[in-house]
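What follows is a short report on a single structure.
Taken together, the values in this text are just the output of simple stated rules run on the coordinates, not laboratory data. These figures come from a predicted structure and were not determined experimentally. Note: ideal-geometry Cβ built from the backbone for every residue, glycine included; neighbour counts use all protein chains shown.
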Amino acid sequence: MIEIETVGWSDSHCHLQDFSPEELSAVLKRADIFKIKRFHVNGTRPEDWIVVARLAANLPGVCPHFGLHPWQAAQTEDWETKLKEYLLRHPQAGLGEIGLDAKLTDTPMDAQRAAFQTQLALAAELQRPCTIHAVGGVWDMLLEDLQTHKPRAVLLHAWGGGTHLLPRWIECNAFFSFGGVLCRDPQSAKHVQAVEAIPLERILLETDSPWQHPKGKAHRQEPAGLLSIAEQVAKIKKVSLDLLRQVVEKNTNRCFGQNLS
Ligand SMILES: [Zn+2]
């Protein structure tokens, strides 16, 4: 059982399995300095799930999530039974990272959508939250599928979408996480507006480590970067860092469920 530190932060979406073991021990030391205590680690394909499960077994604060990423949807076979086994073995794990992407991949949309719908059905059956990757105008398809399957809660990770569909997202019990893009200089107006528009009680924070470093692909992001993201969100929402931390921690527990193991 994870002890949730009263003064800690949660990185609601990262891929610690993509660090080498040597890198990871330094990364975790730096995370500890910044009081990042909980890591929602998302697996993206079967070879990844085993590493995520191992990290969750060996490191305090690692909450595993297992899912087939939309980029993997066409080339992965026989994953459904294995995914269910991982979820049953980890009763507090969510499904992630799953989703739809019409922009950054050549994976055919019909293969992506079939994998997405299968995983939403599994999430509904096992009452698990889902972490969703959504890129490239896929909102209507996503909402249609979420409204059909009704998973317990949804995290829209690295959110940069508009706000016109907000009531429909909230009907699906969606939460929105913001990441390193907010620390870019100059700041993206679209992302600042997204933070302004999303109610504070629906916001989570993430790094997507080691990806999505604010300085671009040549750099590796890490959970210690969460505090700079939090500072930007606190500034945009005009709240203190401490209040933000308390609200975001509550939101993270509401989204993923308390007592994650
Ligand atoms: Zn990710």
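What does the charge dipole of the chain about its Cα centre add up to, to the nearest 20 debye, if the Cβ of each Lys and Arg holds +1 and the Cβ of each Asp and Glu holds -1?
Working: 28 positive and 31 negative charges, 145 e Å.
Dipole about the Cα centre, nearest 20: 700 debye.
Distance between the pseudo-spin-label points of Glu144 and Ala57 (7 Å out from Cα toward the beta carbon): 4.2 nm.
If you take all other residues with their beta carbon under 14 Å from the beta carbon of Gly257, and give Lys and Arg +1 and Asp and Glu -1, the sum is +4.
Exposure proxy check: Arg152, Arg38, Arg202, Arg54 ranked by fewest other beta carbons within 10 Å?
In order of increasing Cβ crowding within 10 Å: Arg54, Arg152, Arg202, Arg38.
The modelled label-to-label distance for the pair Ala114/Lys235, using points 7 Å beyond Cα in the direction of Cβ, is 4.7 nm. Highest GNM mean-square fluctuation among Leu166, Leu244, Leu204, for the chain modelled with Cα contacts below 10 Å: Leu166. Between Leu182, Leu59, Leu28, the GNM of the chain built on Cα springs shorter than 10 angstrom shows Leu59 fluctuating the most. Counting Lys and Arg as +1 and Asp and Glu as -1, what is the net charge of the other residues whose Cβ lies under 15 Å from the Cβ of Ala194? That sum, taken over residues with Cβ under 15 Å, equals +3.
Checking the a/c ratio against 1.5 first, then a/b against b/c, what shape does the Cα gyration tensor give for the chain? In terms of gyration-tensor shape, rounded.
Taking amide H as placed 1.01 Å from N in the peptide plane, Leu205 has its amide H under 5 Å from the amide H of Ser12, Phe178, each at least 5 places away in sequence or on another chain. By the beta-carbon count within 10 Å of each Cβ, the least crowded to most crowded order of Cys183, Cys172, Cys63, fewest first, is Cys183, Cys172, Cys63. Label positions at Arg168 and Lys217, each projected 7 Å from the Cα along the C-beta direction, are separated by 3.2 nm. When a/c is below 1.5 the answer is rounded, else prolate if a/b is larger than b/c, else oblate, so apply that to the range 109-198 with a ≥ b ≥ c taken from the square roots of the Cα gyration tensor eigenvalues. In terms of gyration-tensor shape, prolate. Counting Lys and Arg as +1 and Asp and Glu as -1 over every other residue whose Cβ lies under 9 Å from the Cβ of Leu100, the net charge comes to -1. Take every Cα pair under 8 Å whose residues are at least 6 apart in sequence, average their separation, divide by the length of the range 9-256, and the relative contact order is 19 percent. Residues considered: Gln17, Gln147, Gln75. Largest GNM mean-square fluctuation over the chain, using C-alpha springs under 10 Å, is found at Gln75. Shape class for the range 179-261: oblate, because the ratio a/c of the largest to smallest gyration tensor axis (alpha-carbon atoms, square roots of eigenvalues) is 1.5 or more and b/c is at least a/b. By the count of other C-beta atoms within 10 Å, a proxy for reagent exposure, Thr148, Thr81 are ordered fewest to most as Thr81, Thr148.
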